[in-house]
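Inspection log for the structure reproduced underneath, given as structure tokens.
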Amino acid sequence: MNTELKEKLTQLAFHRSLPFCYNCYHECPSGRCESCGSDDLMRSLDGVGCEYGTDWIIKHILETDLTSVDLEESFEDMIRECYPETTKVGWMEFDTVTLMKENDPISWSCALSDYESNEESEGLIVSFDGGSTYFRTEDVEELCANL
């Protein structure tokens with residue numbers, strides 16, 4: 001995970017949310033509850049809810065403001081750029097990607113996994129949930145630049 005981007009997303013989460021005192025059940029823009037004096041505050045995101053921490057806000061921001069990368073589709077596009085669109089076997093022609101996926105699904109899965117690892121190691125995609133969902137790094141950077 002890119003810690004610099006995570007920090008920028010955390011700043012964005014703080015920018016888009018407000019401190020919230022759950023005991024008194026109201027927003028505390030100053031960072032301290034004016035009713036009870038507590039500084040142990042949750043974060044409130046209008047229309048979403050309130051909770052401690054910012055990971056849930058970051059997740060919401062990413063899901064609503066960006067489109068996640070469809071690695072399967074991206075990998076297929078890359079294969080289509082590298083190999084002919086159709087492959088001739090005897091007198092028959094087949095879609096190359098379909099032929100590869102259907103005839104050796106294990107090899108396809110391994111190649112897709114290698115593609116994912118390569119894209120991540122080159123910094124082209126980034127995940128903030130352990131690899132379940134990926135976003136284009138440039139899209140996340142652009143989102144954070146609009147603070």
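Quick note: the coordinates plus some simple rules give every number you see, no bench work behind them. Computed from a prediction, not measured in an experiment: that's the story for all the values here. Cβ atoms come from the backbone with ideal geometry, glycine included; neighbour counts cover every protein chain shown.
Can you classify the stretch 3-65 as rounded, prolate or oblate using the Cα gyration tensor, where a ≥ b ≥ c are the square roots of its eigenvalues, rounded means a/c under 1.5, and otherwise it's prolate if a/b beats b/c and oblate if not?
prolate
Taking amide hydrogens as modeled 1.01 Å from N in the peptide plane, which residues meet the under 5 Å criterion relative to T86, leaving out close sequence neighbours?
T96
For the stretch 122-135, just list the computed ³J(HN,Hα) in residue order, Karplus coefficients 6.51, -1.76 and 1.60, θ = phi - 60°, integers in Hz, with x standing in for Gly and Pro.
So the J values, rounded to whole Hz, are 7, x, 7, 10, 9, 10, 10, 10, x, x, 6, 9, 10, 10.
Compute the Cα gyration tensor for the stretch 71-145, then decide on rounded, prolate or oblate, letting a ≥ b ≥ c be the square roots of its eigenvalues: rounded whenever a/c is under 1.5, prolate when a/b is larger than b/c in the other cases, and oblate in all that remain.
prolate
Once amide H atoms are built 1.01 Å from N in the peptide plane, which residues 5 or more positions from N2, or in another chain, come under 5 Å H to H?
The list, which skips near neighbours in sequence, is S127.
Per the helix-only calculation at 222 nm, which mean residue ellipticity applies to the chain, given -39500 (n - 2.57) for every DSSP H run of n ≥ 4 and division by its residues, nearest 500 deg cm²/dmol?
-15000 deg cm²/dmol
Among 46-54, 135-143, how do they line up from the highest to the lowest mean number of other beta-carbon atoms within 10 Å?
Going from most to least packed, we get 135-143, 46-54.
Expressed as an acute angle from 0 to 90° and rounded to the nearest 10, what is the orientation of the C-alpha long axis of helix 3-16 relative to the principal long axis of the chain?
It works out to around 50 degrees.
To the nearest 10 degrees, how steeply does helix 105-121 sit against the main Cα axis of the chain, on a 0 to 90 scale?
Approximately 50 degrees, to the nearest ten.
For the Cα atoms of the chain, what angle does the longest principal axis make with the long axis of helix 55-65, in degrees from 0 to 90, nearest 10?
Tilt relative to the chain: about 60 degrees.
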